[in-house]
Amino acid sequence: MKQEFNYQKPTKDEHINNHDLWFKSLSESWMSFATTVAFRSSGYKPRPEYWLQEYKHNFIWKLNKQLSRNAKDLIFYDDFCRYEFGESSLYKSIKDQRNPHHIHGIIFIPKELVHKVWNQEFNSITDRLLKDFK
(Lines give C-alpha, C1' and ligand atoms only; values in the text may rest on other atoms or scores of the structure.)
Protein backbone atom coordinates (compact mmCIF):
# COMPACT_ATOMS: atom_id res chain seq x y z
CA MET A 1 0.00 0.00 0.00
CA LYS A 2 1.42 3.33 -1.04
CA GLN A 3 1.43 5.99 1.67
CA GLU A 4 0.28 9.42 0.56
CA PHE A 5 2.18 12.50 1.52
CA ASN A 6 -0.09 15.51 1.79
CA TYR A 7 2.07 18.62 1.70
CA GLN A 8 0.55 22.04 1.40
CA LYS A 9 2.73 24.92 0.44
CA PRO A 10 2.65 27.67 3.09
CA THR A 11 0.66 30.76 2.28
CA LYS A 12 2.44 34.07 1.77
CA ASP A 13 1.45 35.21 5.29
CA GLU A 14 2.67 31.95 6.84
CA HIS A 15 5.94 32.28 4.94
CA ILE A 16 6.42 35.86 6.16
CA ASN A 17 5.50 34.93 9.74
CA ASN A 18 7.96 32.02 9.73
CA HIS A 19 10.76 34.28 8.55
CA ASP A 20 9.78 36.85 11.17
CA LEU A 21 9.97 34.23 13.94
CA TRP A 22 13.32 33.00 12.65
CA PHE A 23 14.74 36.53 12.46
CA LYS A 24 13.54 37.25 16.01
CA SER A 25 15.19 34.05 17.26
CA LEU A 26 18.52 35.31 15.90
CA SER A 27 18.24 38.71 17.61
CA GLU A 28 20.15 37.69 20.76
CA SER A 29 23.44 37.25 18.91
CA TRP A 30 22.92 39.02 15.61
CA MET A 31 21.85 42.52 14.54
CA SER A 32 19.70 42.64 11.44
CA PHE A 33 20.00 45.35 8.82
CA ALA A 34 17.77 46.11 5.86
CA THR A 35 19.89 47.10 2.88
CA THR A 36 19.27 48.80 -0.41
CA VAL A 37 22.13 48.95 -2.87
CA ALA A 38 21.50 51.15 -5.89
CA PHE A 39 24.09 50.88 -8.64
CA ARG A 40 25.21 53.93 -10.60
CA SER A 41 24.76 52.07 -13.85
CA SER A 42 21.31 51.97 -15.36
CA GLY A 43 20.05 50.31 -18.49
CA TYR A 44 17.23 49.22 -20.72
CA LYS A 45 17.32 45.50 -19.86
CA PRO A 46 17.30 43.72 -16.50
CA ARG A 47 20.43 41.71 -15.67
CA PRO A 48 19.69 40.12 -12.27
CA GLU A 49 22.52 37.56 -12.31
CA TYR A 50 25.16 40.22 -12.97
CA TRP A 51 23.92 42.66 -10.33
CA LEU A 52 23.37 39.98 -7.68
CA GLN A 53 27.02 38.98 -8.27
CA GLU A 54 28.03 42.64 -7.84
CA TYR A 55 26.02 42.83 -4.60
CA LYS A 56 27.71 39.73 -3.18
CA HIS A 57 31.23 40.35 -4.40
CA ASN A 58 31.42 44.08 -3.78
CA PHE A 59 28.91 45.15 -1.14
CA ILE A 60 28.85 42.03 1.07
CA TRP A 61 32.58 41.45 0.56
CA LYS A 62 33.35 45.03 1.63
CA LEU A 63 31.26 44.64 4.79
CA ASN A 64 32.98 41.36 5.65
CA LYS A 65 36.37 42.95 5.09
CA GLN A 66 35.46 45.82 7.41
CA LEU A 67 34.33 43.38 10.10
CA SER A 68 37.57 41.40 10.02
CA ARG A 69 40.51 41.31 7.70
CA ASN A 70 41.29 37.72 8.76
CA ALA A 71 37.90 36.05 8.91
CA LYS A 72 35.62 35.55 5.94
CA ASP A 73 31.88 35.31 5.69
CA LEU A 74 30.99 36.91 9.01
CA ILE A 75 27.71 38.20 7.62
CA PHE A 76 24.97 35.64 8.06
CA TYR A 77 22.23 34.96 5.53
CA ASP A 78 23.39 37.31 2.79
CA ASP A 79 21.24 35.45 0.24
CA PHE A 80 18.07 37.10 1.50
CA CYS A 81 17.92 39.73 -1.23
CA ARG A 82 15.83 40.78 -4.19
CA TYR A 83 16.90 42.42 -7.44
CA GLU A 84 14.71 45.17 -8.85
CA PHE A 85 15.00 46.94 -12.15
CA GLY A 86 11.78 48.55 -13.34
CA GLU A 87 10.99 50.33 -10.08
CA SER A 88 12.30 53.85 -9.58
CA SER A 89 11.54 56.83 -7.43
CA LEU A 90 8.88 59.28 -8.54
CA TYR A 91 11.25 62.06 -7.55
CA LYS A 92 14.09 60.94 -9.78
CA SER A 93 13.45 60.54 -13.44
CA ILE A 94 16.01 59.40 -15.94
CA LYS A 95 15.43 61.37 -19.10
CA ASP A 96 16.32 58.61 -21.55
CA GLN A 97 14.00 56.09 -19.84
CA ARG A 98 16.78 53.87 -18.48
CA ASN A 99 16.02 52.11 -15.19
CA PRO A 100 18.31 51.85 -12.17
CA HIS A 101 19.55 48.43 -11.04
CA HIS A 102 19.14 47.97 -7.29
CA ILE A 103 18.99 45.23 -4.69
CA HIS A 104 17.10 45.11 -1.41
CA GLY A 105 18.25 42.68 1.24
CA ILE A 106 18.43 41.74 4.89
CA ILE A 107 21.77 40.88 6.43
CA PHE A 108 22.80 39.80 9.93
CA ILE A 109 26.02 40.95 11.59
CA PRO A 110 27.37 39.60 14.90
CA LYS A 111 26.38 42.09 17.62
CA GLU A 112 29.92 42.36 18.96
CA LEU A 113 31.13 43.57 15.54
CA VAL A 114 28.34 45.99 14.62
CA HIS A 115 30.39 48.99 15.79
CA LYS A 116 32.79 48.37 12.90
CA VAL A 117 30.13 49.08 10.29
CA TRP A 118 27.45 51.13 12.07
CA ASN A 119 27.86 54.43 13.94
CA GLN A 120 25.08 54.39 16.55
CA GLU A 121 25.68 57.99 17.59
CA PHE A 122 24.82 59.27 14.10
CA ASN A 123 22.60 56.31 13.13
CA SER A 124 24.51 55.70 9.90
CA ILE A 125 27.21 53.52 8.41
CA THR A 126 30.74 54.32 9.49
CA ASP A 127 32.65 57.05 7.66
CA ARG A 128 35.14 54.51 6.34
CA LEU A 129 32.43 52.40 4.70
CA LEU A 130 30.66 55.46 3.38
CA LYS A 131 33.88 56.53 1.67
CA ASP A 132 34.35 53.03 0.20
CA PHE A 133 30.80 52.79 -1.10
CA LYS A 134 30.87 56.18 -2.77
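The values are calculated or read from the model by the stated rules, or taken from the named source; none is laboratory data. Quick caveat, the model's predicted, so the values are computed rather than measured. We place every Cβ from the backbone using ideal geometry, glycine too, and count neighbours over all the protein chains shown. In case anyone asks, the SASA skips ligands and DNA or RNA and just uses the protein heavy atoms, side chains included. Shrake-Rupley method; radii C 1.70, N 1.55, O 1.52, S 1.80 Å.
Observations on the structure shown:
- Stokes-Einstein D in µm²/s, Kirkwood radius over Cα pairs - the chain at 25 °C with 0.890 mPa s viscosity: 141
- Helix-only mean residue ellipticity at 222 nm for the chain, each DSSP H run of n ≥ 4 adding -39500 (n - 2.57), per residue, nearest 500: -7500 deg cm²/dmol
- For ASP127, ASP78, the ranking by accessible surface with the largest value first comes to ASP127, ASP78, using a 1.4 Å probe.
- Sequence of THR126, THR11 from largest to smallest accessible area, 1.4 Å probe: THR11, THR126
- Measuring only protein heavy atoms, the 1.4 Å probe finds HIS15 accessible over about 100 Å².
- Residues with amide H under 5 Å from that of TRP30, placed H, sequence gap 5 or more: LYS111
- Put a dot 7 Å past the Cα of SER29, heading toward its Cβ, do the same for THR11, and the two dots end up 3.3 nm apart.
- Distance from region 116-134 to region 61-82 (C-alpha centre basis), Å: 15
- When LYS56, LYS45 are compared by accessible area of protein heavy atoms, the largest-first order is LYS45, LYS56, using a 1.4 Å probe.
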